[in-house]
Amino acid sequence: MKFDIVVVGAGPAGSSAAITAARGGAKVLLLERGPEPGSKNVSGAMIRLEDFSSVYDIASIPIERKVKNVDLILLSNSNRTRISVNIESNLATVARLKLDKWMAQQAEKAGALLITKTTVLGVEREGNEYKVETDRGEVRADRVVLAEGVNALVSMKANIRPDLTPDHAVQTVKEVYSLNKDEVNKRFGFKADDEGVSWRILGIDPVPYAGFLYVYKDAVAIGAGIPMKILIKRKITPYTVLDEVKERLGFNELVKGASLREYSAKVIPEYGFPSWKACSGKIYLAGDAIGLVDPLTFNGIGPAVASGVVAGKAALESYECSKYESELMKNREVRRVVNGRPLVKELIEEENFKYYVKTINDLLHGWVYSDFSKVKLDTSKLLKHLLLGMGVFKS
Amino acid sequence: MPELKVVVSIKQVPDVDELRIDPVTNNLVREGVPAVINPPDLHAIEEAVRLKERYGAKTIVITMGPPQADSALREALAMGIDEAYLISDRAMAGADTWATSYTVSKAVQKLGGADLILFGRRAVDGETEQVGPQTGKWLGLPVIGYVSEIKKLEKDKIIVTRTTEFDEEVIEAPIPTVLTMLEVANKPRQPDILSLIKAKTAKITVWNKDDIKAEPDKIGLAGSPTKVIKVQPPPKTRKAEIIDGRKDIEKAAKWFLDKIFESLKEDESTLKEYVKPKPKVKVNGEIWVYIDHIGEKPNRASFEIMGEARRIADLMDTSLSAVIVGGEATKSLIDETFEYGADKVYFVETKGFDRYDNEVYTRALATVIKKYKPEAVFFPGTKNTRELASTTAIEVNTGLIADCTNFDVDKGVLLSTRPDFGGKEMSTIICPKHRPVMVTVRAGVFMPLPRVQGRKGELVREEIDDLFTRLKVLDYRVIEKRNILAEADIVVGVGRGIRSPENIKMAEELASLLGGVVGVSKPLADMGWYPKERQVGQTGTTIRPKVYIALGVSGAVQHLVGILSSRKIGAINLDPSAPIFENCDFGVVGDIFEIVPKMVELLKKKEVS
């Protein structure tokens, strides 16, 4: 059977590509290996609603809670600083199973055909078309979108991108604890069932890490990400780090009586496009498969949707690779990840990371006590990173 | 020969592998759990497709359910079924098996009938095993439940093998007929991608209650004779005693063995003493217990149930009666039935039918129920009696509550409590308006009253004439090798902790020394490490041994459900946080590769007994 476009993976990138291509009138097949979209995913995340509004009808978006505050918590060996940022409610926590299902349903409504429980094994060019090999037999397509996630086996098999090395990966672990809705409201001081909070945690003990906490309707998720090479070098497991985070934050007290609903681990790429190709012939890669995740905030859904839309359009209009890649680079979300990488690369160097967490902590504590004697400013470092952060120069 | 028409009736259920219990509220979490075709129904679909391949047939799949059930129908189409019908109407929601089977029968009539109507043996959510036989009864067709093989299909008849716990019969029946398929009948196929794509865009006809001309007072919650009045988490009944066996292996092995032997000694085969409760209400009808038997051999479960029915009869201030349906040979059951506590025995003679025949026995039982109007009828939950109770309930127009494990009387009515989703949730059900209340009771839950030799009571004889059946038994045999897992007193369960298939030998050795059998968890059976029929769990065999010994079993809900009825559960696992430890009676935190060989050694030296 022949399709105009086969999209591999019904996650945020895949469904966004499928919806875009289907709306343009293409005959689209969307393939998902899990029993349902989102079922191969860990339970939740935080999203920005505006990331979805360009392609999805967000009136029906299934969110868990609106995030009213984001707390930034810096943990150095001795000090702890917490900055609470009150925000307009365009941030929300979501359950991935529901969100991904909803996106795929919208793609189906637009005319894409979704087939689940089917694993794509490889994509091969045959003449002017592609043979998409699955565990249930083959289908053919003129163009292919690979939105298969970070463990991009098909893309690697087709030699479009290399495997991710430990130097370029952050290992995250996450645990989700069940509570009931009322308990969640009580413990976090929420006045309404849809009110929520999330925490961003930066710490340096025992190793530098970035942690997070999301509050869902009836559960709390906590997690931490540590650069893979630090884990290897220091021979430490990510769970040791997570336990430390929980200890420092008094998390166990916060979820007392709740029990562990799920735990999961995920690799977050902080390398990829444009260092990797995002395209080969008429195969377009999007989302995690080309490393489009912000490794500091762990926001991968926004860039996935954005790059998925570009890939969908590319497949629809049969872009040449150079055009696809330049369109990707024009995208604000994609650019944000790409431009952030040099800074991130610097920041996740153990010494730099430690320096910042410690310095900011010292600065703020110094400000409180009117004593800045402990603060050691390395102006050249600061300047370099500031410039990197502003995108003035590229590493 | 006009084209054969085969209808498969299926149900969409939550994926039991994905179900979990909320740790705080203990309630079943349904949200976010994917819906799938009830796994046993896949075998009915497969059988229909095979009939099509063998004989040429038009195959149709139907389901009653919400609009989302569409996806289950498409899956059936992908497997090779030709047409699909969704019977969907808000008014149908909340239907019990009576109203569901009525609705399905109306849909089949709307389809213009069928030559064969296939069902899965049971649905994994409610596990009633009623809808298939009851649909047959509504349609006035012969019913053959528990079919393990369709041997032959001819112009106007079908020959099948029917397999119960105790026997196997080759039955010939005229078509049209209704069959419920056992999982052993076949292996459902995996559709290829082109079939999936085709099914995805296939037309599905949706019918509402008016389309199938269903009477509004016979469908949905309103039309259901039984009502669920309470749903609650199952009570926690086990208090685990856990020791650390990582240091002193020998001590742990000895302790564990002692615990096993202790559990075996606790013989609770009969109630020691029966204390008559104060009546809560006075009813006119009697409480009946149906005595199940294979010829002259009684099924002990019938007497267990009499123990509980006695209590209910006393609570309702009425007498306890037993019903025996059968031929000459079954007369010998009468005395024993009195000795186990029946005040009255109805002996309903069906000359020439010593063994169960659905049509003859349904007619016999329905005749006496209509004549004597009991308040309630209790059935032991064997395959034969579940089928009999199903068809009889339709014949006498009343509700049937399946697989109950607890009873009480409140506000003058019988409260029956039963496990759903294999025990993850308990529902309490009443039958407010229809009489008798009919219930099937899980075996092994209740205990018989002490047997009193020579005890007598009133005997009422009824003879059923005009015996008629469309089922012809061509061959019959008692099963020698029965489901040993379901009947074993000791089951040694093996989970993923065993690491490799070769290591299962270690468990086999332990089992054989203890006189038990080996069962495995789902992942092991799925990987082909051990035969599928030895899988313990909700989608495998539900066991009720005196002792279940879990080796390296983590305790997934799926598995826990299957071992729920074990009298005692012992566990050995290296992971102290494994859920099995919260669901066992005694446990050792330790390495099975250290402790089990030590237990084997101790048993061989006969240092324990």
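Laboratory data are not the source of any read-out in this text; all were calculated from the coordinates shown. Owing to the predicted nature of the structure, the values given are computational and were not obtained by experimental measurement. Please note: Cβ atoms are built from the backbone with ideal geometry, for glycine as well, and neighbour counts cover all protein chains shown.
List of remarks:
- Note on chain B: antiparallel DSSP beta bridges, both residues inside, total approximately 35 percent of the bridges counted.
- The H on the amide N of B:R189, modeled in the peptide plane, is under 5 Å from the matching H of no residue at least 5 residues off or on a different chain.
- Potential lengthening between B:E154 and B:R300 on full extension [0.36 nm per residue; Cα-Cα distance subtracted]: 48.6 nm
- B:H434 sits among other residues whose Cβ lies under 14 Å from its own Cβ, and their net charge, with Lys and Arg +1 and Asp and Glu -1, is +2.
- Cα gyration tensor shape for chain B, rounded if a/c is under 1.5, else prolate or oblate: oblate
- Summed side-chain charge close to A:R125 - residues other than A:R125 whose Cβ falls under 10 Å, Lys, Arg +1, Asp, Glu -1: -1
- Folded to 0 to 90 degrees: helix A:332-347 orientation relative to chain A principal axis, Cα: 40 degrees
- Calculated FRET efficiency for the pair B:M527/B:S332, C-beta based, R₀ 51 Å, to 0.05: 0.55
- Put simply, the amide H of A:V7, placed in the peptide plane, has neighbours under 5 Å in A:L29, A:L30, A:L31, A:V145, leaving out anything fewer than 5 places away on its chain.
- If you take the Cα centroid of the range A:283-307 and the Cα centroid of the range B:331-408, the two points sit 65 Å apart.
- Mean residue ellipticity at 222 nm, helices only, the protein assembly as shown: -9500 deg cm²/dmol; runs of at least 4 DSSP H residues each add -39,500 (n - 2.57), and the sum is divided by the number of residues.
- Placing a pseudo-label 7 Å from each Cα along the Cα-to-Cβ vector at B:Q453 and B:D475 gives an inter-label distance of 4.4 nm.
- What separates the Cα centres of the range B:114-131 and the range A:95-148 is a distance of 35 Å.
- Extending 7 Å from Cα along the Cβ direction at A:D378 and again at A:L153 yields two label points whose distance is 4.2 nm.
- Across the range A:113-128, coupling constants 3J(HN,Hα) worked out from phi with the 6.51/-1.76/1.60 Karplus curve, θ = phi - 60°, read 9, 9, 10, 9, 6, 10, 9, 7, 9, x, 10, 10, 7, 9, x, 9 Hz, and Gly and Pro carry x.
- Positive-end residue, chain B charge dipole about Cα centroid, Cβ charges, pick of B:V29, B:G587, B:T177: B:V29
- Only beta bridges with both residues in the protein assembly as shown are counted; by DSSP, about 50 percent of them are antiparallel.
- Angle of helix A:301-316 to the longest C-alpha principal axis of chain A, folded into 0 to 90 degrees and rounded to 10: 20°.
- In this structure, B:T237 and A:D182 have a Cβ-Cβ separation that, at R0 = 35 Å, corresponds to a calculated FRET efficiency of about 0.80.
- Cα gyration tensor shape of the range B:154-223, rounded if a/c is under 1.5, else prolate or oblate by comparing a/b with b/c: oblate
- Pairs of lysine residues in the range A:81-222 that meet both criteria, 8 or more places apart or on different chains and Cα atoms under 26 Å apart, total 24.
- Residues with amide H under 5 Å from that of B:K11, placed H, sequence gap 5 or more: B:N38
- Sequence-ordered 3J(HN,Hα) estimates for the range A:57-73 from the Karplus curve with 6.51, -1.76 and 1.60 and θ = phi - 60° stand at 8, 7, 4, 9, 4, x, 9, 8, 9, 7, 8, 8, 9, 10, 9, 9, 10 Hz, glycine and proline given as x.
- Relative contact order computed over chain A (Cα-Cα under 8 Å; 6+ residues apart), in percent: 20 percent
- For the residue pairs B:K230/B:K433; B:K52/B:K157; B:K5/B:K157; B:K424/B:K522; A:K358/A:K381; B:K110/B:K227, the C-alpha atoms sit more than 20 angstrom apart in B:K110/B:K227.
- Chain A: angle of helix A:321-330 to the longest principal axis, Cα-based, in degrees nearest 10: 30 degrees
- Based on C-alpha pairs under 8 angstrom that are at least 6 apart in sequence, the range B:466-608 has a relative contact order of 21 percent.
- Distance (nanometres) between label positions extended 7 Å along Cα→Cβ at B:R54 and B:K282: 6.0 nm
- Working note: Karplus 6.51/-1.76/1.60 with θ = phi - 60° gives the range A:208-214 the couplings x, 8, 10, x, 8, 9, 10 Hz, where Gly and Pro are set to x.
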